[in-house]
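Here is the structure we will look at, set down as structure tokens.
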Amino acid sequence: MAEHWFISGANKGIGHGLATLLAARGDDVTASVRSEEARARLQEDVARHRARFSILLFDQRDEAAIRAAARELIEPLDVLVCNAGAYGPQRQSTLDMDFAGALDLFDANALGPLRLVQAFLPALLRADNPRIALMSSGLGSMATEGATNIAYRAAKAALNKIAQGLAHDLKRERVTVVALNPGWVRTDMGGKNADLTIEESAVGLIETIDALTIDDTGRFIDYRGRDVSW
Ligand SMILES: NC(=O)c1ccc[n+]([C@@H]2O[C@H](COP(=O)([O-])OP(=O)(O)OC[C@H]3O[C@@H](n4cnc5c(N)ncnc54)[C@H](OP(=O)(O)O)[C@@H]3O)[C@@H](O)[C@H]2O)c1
């Protein structure tokens, strides 16, 4: 049965893969992008599919814009995928940090998804099996050593903690919340040498999210549905 999905950051990369695959199989999709140009290109990409597809415009650092966009969404929302994220400033090592850039990255990557959850929660609460998937990264895991791009890693670690907190606070409402690791994917962010195509990751993520129930809440899982160490 068709479900209603929301995908943030759907103009390119993993978000584009998720949104176009879902539209192709006939789900209802609401997607977000940041510019009119991106909206027009995405609309063209999905035009051949019959699915209901709407596109909202906002930057996830802008709470007022997100709340205004969420008010446009009246139908129940089955799945919220907070996918959008950035890699952050050039200088982001522990010993040489662009602090303003790092703060901006935290705002986008850790707090942005939480703004989306708060704004879209009323629509999720109208669904039968509401699921929230926060796009994390293996680099945010405490079990992953290495310090390259430490602002990105720390922002994803913060997002993981937010995922855990949301899972705790929304359990009584029977909203499932998970953090996701999409694998290392060949996108602008992942680069050309990454392991997976966008389609391989997106197909796995959709299968994984399709299967989620409240019993999965609070898990950190990868695109194959396997547990990832926090
Ligand atoms: N690729 C990988 O190997 C990999 C691995 C682990 C985790 N991830 C995570 O997976 C997600 C998608 O990554 P990707 O590889 O598909 O990256 P991507 O190709 O660079 O796409 C990132 C998307 O996020 C949007 N975005 C960035 N900052 C935003 C903001 N402040 N507000 C709203 N949208 C914003 C971008 O919009 P614009 O085009 O307008 O900038 C774009 O749509 C990210 O959260 C990333 O951290 C990726």
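Remarks
- Per-pair calculated FRET efficiency, R0 = 30 Å: residue 63 and residue 194 via Cβ, rounded to 0.05: 0.40
- 24 Å Cα cut-off, lysine pairs counted over the chain (separation 8 or more, or different chains): 5
- Segment 63-107 versus segment 135-180: alpha-carbon centroid distance in Å: 13
- Assuming charge only on the beta carbon of Lys and Arg (+1) and of Asp and Glu (-1), the dipole of the chain about its Cα centre is about 100 debye to the nearest 20.
- Ellipsoid equivalent to segment 101-230 - semi-axes via the Cα gyration tensor, in Å: 24, 18, 13
- Alpha carbon Rg of segment 177-229, scaled by the compact-globule rule 2.2 N^0.38 Å: 1.17
- Secondary-structure-derived ellipticity at 222 nm for the chain, considering helices only, amounts to -12000 deg cm²/dmol, per-run term -39500 (n - 2.57) for DSSP H runs with n ≥ 4.
- Given charges at Cβ of Lys, Arg, Asp, Glu: the chain dipole, positive-most of 60, 164, 82: 164
- Per-residue accessible area (protein heavy atoms, 1.4 Å probe) orders 18, 103, 121 as 103, 121, 18, starting from the largest.
- For segment 4-222, the relative contact order comes to 19 percent (Cα pairs under 8 Å, sequence separation of at least 6).
- Percent of C-alpha pairs per 10 Å bin, segment 21-144, short to long: 12, 36, 34, 15, 3, 0
- Using the alpha-carbon positions of segment 63-133, Rg (one decimal) and Dmax (whole number) come out as 15.4, 48 Å.
- Rough spin-label spacing in nm, given labels placed 7 Å along Cα→Cβ, for residue 229 and residue 90: 3.5
- Overall, the ratio between the Cα radius of gyration of segment 128-188 and 2.2 N^0.38 Å, rounded to two decimals, is 1.25.
- Overall, segment 40-118 carries a charge dipole of about 320 debye about its Cα centre when +1 sits on the Cβ of Lys and Arg and -1 on the Cβ of Asp and Glu, all other atoms neutral.
- Cα coordinate range in segment 4-222, projected on the principal axes (Å, largest first): 50, 40, 34
The values are calculated or read from the model by the stated rules, or taken from the named source; none is laboratory data. Keep in mind the model is a prediction, meaning the values are calculated, not measured. When we count neighbours, we look across all protein chains shown, and the Cβ atoms used for this are built from the backbone with ideal geometry, even at glycine. Ligands, DNA and RNA are stripped out before the accessible areas are found, and what is left, the full protein with its side chains, is counted by its heavy atoms. Shrake-Rupley method; radii C 1.70, N 1.55, O 1.52, S 1.80 Å.
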